[in-house]
Each structure stands twice: as C-alpha cells, then as structure tokens.
Amino acid sequence: MSKADIIVGIQWGDEGKGKIVDKLCENYDFVCRSAGGHNAGHTIWVNGIRYALHLMPSGVLHPRCINIIGNGVVVSPEVLIAEMAQFENLKGRLYISDRAHLNLKHHSLMDIAKEKLKGKNAIGTTGKGIGPSYADKINRTGHRIGELLEPQRLCEALIKDFQTNKAFFEMLEIAIPSAEEMLDDLKRFSEILSPFITDTTRILWKALDEDKRVLLEGAQGSMLDIDHGTYPYVTSSSTVSAGALTGLGLNPKEVRSIIGIVKAYVTRVGNGAFPTEDKGEDGERIMQIGKEIGVSTGRKRRCGWFDAVAAKYTARLNGLDALSLMKLDVLDGFEKVKICYAYEYKGMQIDYMPSDLENVKPIYEELDGWDKVFGIKDYDLLPENAKKYILRLEELVGVKIKYISTSPERDDTIIL
Ligand code: IMP
C-alpha cells in the first residue's frame, strides 16, 4: 500500500506551487485538489506557453495523470466547464467528488456585495464567492456537486432557498434568477459534468491500496488558513496539510511526506497584516521583476522581504519534511537582501507568531546580494552569496531546502 505526498504553500498563497507540482507530476499517477475554489490561480509555463489553472489540478497538463477535485473544494461549474474546454480527452482523467460543494453565481454576487458594505474593513477577497459557499456548507444549507445529477430537484431546492432568504438578497440588491434560467444552467452543468462526478474518496483509497503514487496539491497558503492565518483576513478553508486530508477523505497515516512551498521573498494579495511588506522601491522592484500580479484577479500583489518567523510557524503547523524555494531569481541584482528573523512585539523581541500579527514590527538581518541565479540548474554553479542566503533561510526555518527554482520554466529547478 502506498502513501500520499502533500504540497502546501506556507506563506500567503502564490508561492509558485503550480510550477513545482507540475514538475513533480511526472512522478505521480494521481494529483488531487483538496480545498478552496477558483480563488486559486496556478500559473504553469511549459515550452514558453503559459497555462492558468483555477480549479483543475495541475496534473491535467500530464496526459498520464488522473486528476481529483476533492470533497473540500467549492466548485463553480461555470468556471470548471470553461477550464475543461482547454483540454482534450478528460474522460477517465478527471473525477469530481460528489461531496464537493457548489459555488454558484449568487455566491460571488454576495461576496462582492458584502465586501462593498464593509468599506475600508473589506477583506479584499477575490470576489469569487468562496466565503459565501463555505458559509452555506458550514450552515448546512449548501448544495453538493452530487445534486447536479438531478437538476430539476436541485433547481427546486435552490429556488426554495432563494425564497427563504428573499429579504436578504433584496437588501444586498442581488437579483434572484428565475426558475427557468436556473434550470437551464443546471441542466447544462449536469450534462457536461455528470460523467466526472463520483465518490473520489473511494477512488483514492483504491489507488493507495494498489500502490499508486498520489500527490495532494494545496491551494492558497498557510497564512490564509481559516484557523491559523491572520483572521479575519484569511480565506474560508483549511489550507494546511491537515486540511488536505479532510478535503479528500484520507487519514494521517496515509501520508508519506509533506513539502512546503515558499518564495524567496513574500507577497500577499488583499488586506491584512504583512509585517515585512516593503512599500518602497524594493517592494515595487520585486513586484515588477516577479510579475506579482494575481492570476485570478489581475490585482497587484503586496511585496516584501522573507519572513522567517512566519515560515518557521507554518513549517511546524504543516509538519514539513522539506522546502521548495521558489523565484530565487527575482532577487538577482539586489545589492543587499533582507531576512526577518524576529519581531518586536509589546516592547520585546520574539521569534514566534502571535495571533495579533498586526502589532509586530520586523527585525531584519541584511545579507550581501548576488548577480544572477536565473536559469541555473546546478547548485554548485550558484553564486556564493545566493548559497549563503539559502543556507540562512534553511537554518532559520529549520527545514531542509530540497528544490530551488531559478526561472518560471519547468526545467530550471535545482534538485538537492
Ligand atoms: P477569498 O478566498 O476570495 O475569500 O479571499 C480571502 C483572502 O484570501 C483575500 O486576501 C485573497 O486575496 C486571498 N486569497 C484567496 N485565494 C488566494 C490565492 O490563491 N492566492 C493568494 N491569495 C489568495
């Protein structure tokens, strides 16, 4: 019997998971998404072609891989269908859990309307209806993908929900779809998606029993976790390794290894605490060189220096066996590079993460920069200062770095 490997982002998302998952996919039979929805955006470059995936697991770019969308995901049928249209022959290569929850148009309208009402206290969500879909799930008023198999019945249930919450939708000025419109949409979703809807937990159990190689691909990042992130400026799902298990129906004994993905600097989209944010020239330069603009939303990401306190915290939360250091090349040409190794908090120096992260100030150490690591595939060829930076990160986070990415291309990766 085999065991699964997990890949998780350990910052605020956008760590470059897509590239490393894509690189690793050639070694796996199954690649699985366990949480989040189309708020996620993975960019993968293959032979100079850019692929942007939102809901589809990254294994879709490898013809041999079977892709699973697990029960923990909230699925927009509209977005998934559009994404599926980019690929041929998905039959037998894509399975969607019948327990995954539906994310429909009204969820996104609610998300946008509620953010607007919050004004300057807005979370800065992606506006994709992720919070409202998960709220429905937790309130036990949501609908699951399996219900798409009977569109007429689902339509009746949804229309009833709309009627029950009529005043609420009116208050938010959200137009409720007519039963006819709703049914047309649901029938279309059902026709296209039904062949892919199934009990994915059983598929995965069978896969592990048959010694298949299984990869669980995390979405978002650990600092956006509903419990452990910078609440309330977080997403609505469990983004840590433990969440990957509940999101697919696996148990902790079925895990072999957990790899954390971390960028050589930090970015964050949306509002909330970000101690090492650099609002000056350096942050702007990182944003430009790193092309730090959201795949899902087109928003510019906030940028800053590596936060080793946060990384150490999320390394422990996830139980990491190894790290994959992404986008090291973005720091090429900086005369000095900074690492936050501690925080100033209530007049003290601390090296742990308090729950009120907005009240800390970063304490930095400065290292000499390097000229160029771009495209280097061999560790020995890295400039000495880049090696010193890598070793210092390893030391502060307390986890071995196993992969180093030196360009967006699939093959520009050092494996240690
Ligand atoms: P939501 O997930 O759309 O509700 O957004 C909640 C917070 O999570 C916002 O700050 C978003 O910018 C952030 N977020 C959600 N998904 C991602 C992602 O894939 N990468 C980075 N940030 C994300």
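The values are calculated or read from the model by the stated rules, or taken from the named source; none is laboratory data. What you are looking at is a predicted structure, and each value in this text was computed from that prediction instead of being measured. Cβ sites come from the backbone with ideal geometry, for glycine too, and all protein chains shown count toward neighbours. Ligands, DNA and RNA are excluded from the accessible area calculation, which covers all protein heavy atoms including side chains. Shrake-Rupley method; radii C 1.70, N 1.55, O 1.52, S 1.80 Å.
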Report the gain in length on full extension from Ile192 to Asp332: 0.36 nm times residue separation, minus Cα-Cα distance, nm rounded to one decimal. 45.8 nm
Straight-line reach only, C-alpha to C-alpha below 14 angstrom: list the aspartates and glutamates that Lys327 could link to, leaving out same-chain residues fewer than 8 apart. Asp14, Glu15, Glu292, Glu409, Asp411, Asp412
Please get the size of the charge dipole for the chain, origin at its Cα centre, with Cβ charges of +1 on Lys and Arg and -1 on Asp and Glu, quoted in debye to the nearest 20. 400 debye
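Compute the Cα gyration tensor for the range 302-416, then decide on rounded, prolate or oblate, letting a ≥ b ≥ c be the square roots of its eigenvalues: rounded whenever a/c is under 1.5, prolate when a/b is larger than b/c in the other cases, and oblate in all that remain. Before the final figure, lay out the partial values.
Working: a/c = 2.34, a/b = 1.63, b/c = 1.43.
Note, shape of the range 302-416 comes out prolate.
When only DSSP loop residues count, what GluC sites (Glu not before Pro) in the range 86-191 have their Cβ near at most 11 other Cβ atoms within 10 Å? All intermediate terms of the calculation are to be shown ahead of the outcome.
Values: sites: Glu88, Glu115, Glu147, Glu156, Glu170, Glu173, Glu180, Glu181, Glu191; in loops: Glu88, Glu173.
Taking the range 86-191 and a limit of 11 other Cβ atoms within 10 Å, the loop GluC sites (Glu not before Pro) found are Glu88, Glu173.
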Nearest 5 percent is fine: what portion of the DSSP beta bridges confined to the chain is antiparallel? 40 percent
Which residue, Leu186, Leu391, Leu250, has the most motion in a Gaussian network model of the chain that connects Cα atoms within less than 10 Å? Leu391
Would you work out which of Ser194, Gln349, Ile112 lies farthest towards the positive end of the dipole of the chain, given +1 charges on the beta-carbon of Lys and Arg and -1 on that of Asp and Glu, about the Cα centre? Ser194
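Do the sum for the chain: with -39,500 (n - 2.57) for every DSSP H run of n ≥ 4, divided by all residues, what is the mean residue ellipticity at 222 nm, to the nearest 500 deg cm²/dmol? Walk me through the numbers on the way to the answer.
Numbers: 12 runs with 126 residues, N = 416.
Dividing the helical sum by the residues of the chain leaves -9000 deg cm²/dmol.
Keeping all protein chains in place, calculate the accessible area per residue for the chain (probe 1.4 angstrom), answer in Å². Don't jump to the answer; show the numbers that get you there.
Numbers: 18440 Å² over 416 residues.
That works out to 44 Å² per residue.
List the trypsin sites (Lys or Arg not before Pro) within the range 328-403 that fall in a DSSP loop (any state other than H, G, I, E or B) and whose Cβ has at most 12 other Cβ atoms within 10 Å.
Filter output for the range 328-403: Lys346, Lys400.
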Isotropic mean projected area of the C-alpha convex hull, the range 228-353 (nm²): 9.4 nm²
Inter-part distance where the range 214-239 and the range 343-416 are each reduced to a Cα centre, Å: 21 Å
Alpha carbon centroid spacing (whole Å) that separates the range 9-35 from the range 119-155: 24 Å
Taking a threshold of 22 Å on the Cα-Cα distance, which of the pairs Lys3/Lys312; Lys279/Lys312; Lys3/Lys91; Lys346/Lys400; Lys105/Lys160; Lys279/Lys387 fall above it? Lys3/Lys312; Lys279/Lys312; Lys3/Lys91; Lys346/Lys400; Lys279/Lys387
Restricting the range 129-182 to trypsin sites (Lys or Arg not before Pro) in coil, as DSSP defines it, with at most 16 other Cβ within 10 Å: Arg140
How large, in Å, is the chain by the Kirkwood hydrodynamic radius built from its alpha-carbon pairs? 22.0 Å
Determine the principal axes of the Cα atoms in the range 63-166, then give the extent along each, sorted from largest to smallest and rounded to whole angstroms. 47, 33, 22
Unit charges at the beta carbon, dipole of the chain: most positive-side option, Val330, Ile203, Gly59: Ile203
